[in-house]
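Report on the structure given below.
The values are calculated or read from the model by the stated rules, or taken from the named source; none is laboratory data. Worth saying up front: this structure is predicted, and the values here are computed from it rather than measured. With ideal geometry, Cβ positions are generated from the backbone for all residues, glycine too; neighbour counts draw on all protein chains shown.
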């Protein structure tokens, strides 16, 4: 667990990284968390505020953990890729903020995640999030070898059509990622008009 000023924009948060993820995104910067079992389990009593991963919705006790945090008087934010739509929908009423990772155009997810039909689950979760009216940030990590400018324009159209108003693009970073992913050959440039349809758009 660590304190962070960027995992929940505008808030100082204690970040809990959850073990295990069902997807295999090429650019993942937490590949050590993909396996469901940790080398050294950590007791819940030693933890406690914002959940990340790995994929926190894969944790069977995530709802109980969130409720424990709320009972202590803290607000709760969740970072998720929307892997488990039903569990995510159950969590939403107990959340104060969501950081939602969108990998690519929803029909093109498998190329990034390595899992067929993963985009369907992500889109279902995104729709639940938008319907909940909970504050959120939708974000996409860009590596030019994985997402082209045409890919990004297609995704922009899909997100706007879905009703996304807050969108952030994150530059790929090599630190902590798998060594088999090629480093950036050049900077990724978006036209100045990109993101103009969102109420809030940022590049970081």
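Among the residues of region 101-117, are any closer than 23 Å to residue 60 by Cα, surrounded by 15 or more Cβ atoms within 10 Å (Cβ to Cβ), at pLDDT 90 or above and out of contact with any strand residue (DSSP E or B) (no Cβ under 7 Å at 6 or more places or on another chain)?
Looking through region 101-117, at least one residue is closer than 23 Å to residue 60 by Cα, surrounded by 15 or more Cβ atoms within 10 Å (Cβ to Cβ), at pLDDT 90 or above and out of contact with any strand residue (DSSP E or B) (no Cβ under 7 Å at 6 or more places or on another chain).
Looking at region 166-204 only, could you name the residues that are modelled with pLDDT under 80 and in contact with a strand residue (DSSP E or B) (Cβ under 7 Å, 6 or more places away or on another chain)?
172, 188
Report yes if residue 140 is modelled with pLDDT of 95 or more and in contact with a helix residue (DSSP H, G or I) (Cβ under 9 Å, 6 or more places away or on another chain), otherwise no. If you could, list the steps in order and put the result at the bottom.
On the way: modelled with pLDDT of 95 or more: yes; in contact with a helix residue (DSSP H, G or I) (Cβ under 9 Å, 6 or more places away or on another chain): yes.
Yes.
If I ask for residues that are farther than 30 Å from residue 72 by Cα and assigned to a loop (DSSP other than H, G, I, E, B), which ones from region 92-130 would you list?
Matches in region 92-130: 102, 103, 104, 105, 114, 115, 116, 117.
Of 163, 82, which residue is surrounded by fewer than 18 Cβ atoms within 10 Å (Cβ to Cβ) and modelled with pLDDT of 95 or more?
163
What's the total number of residues in region 70-79 that are farther than 17 Å from residue 133 by Cβ and surrounded by fewer than 21 Cβ atoms within 10 Å (Cβ to Cβ)?
5
Of (1) assigned to a helix (DSSP H, G or I); (2) at pLDDT 95 or above; (3) over 24 Å from residue 58 (Cβ atoms), residue 89 satisfies all except one. Which?
Of (1) assigned to a helix (DSSP H, G or I); (2) at pLDDT 95 or above; (3) over 24 Å from residue 58 (Cβ atoms), only one is false for residue 89: (3).
Quick one: residue 45 ticks every box in (1) modelled with pLDDT under 85; (2) closer than 23 Å to residue 100 by Cβ except a single one, so which number is it?
(2)
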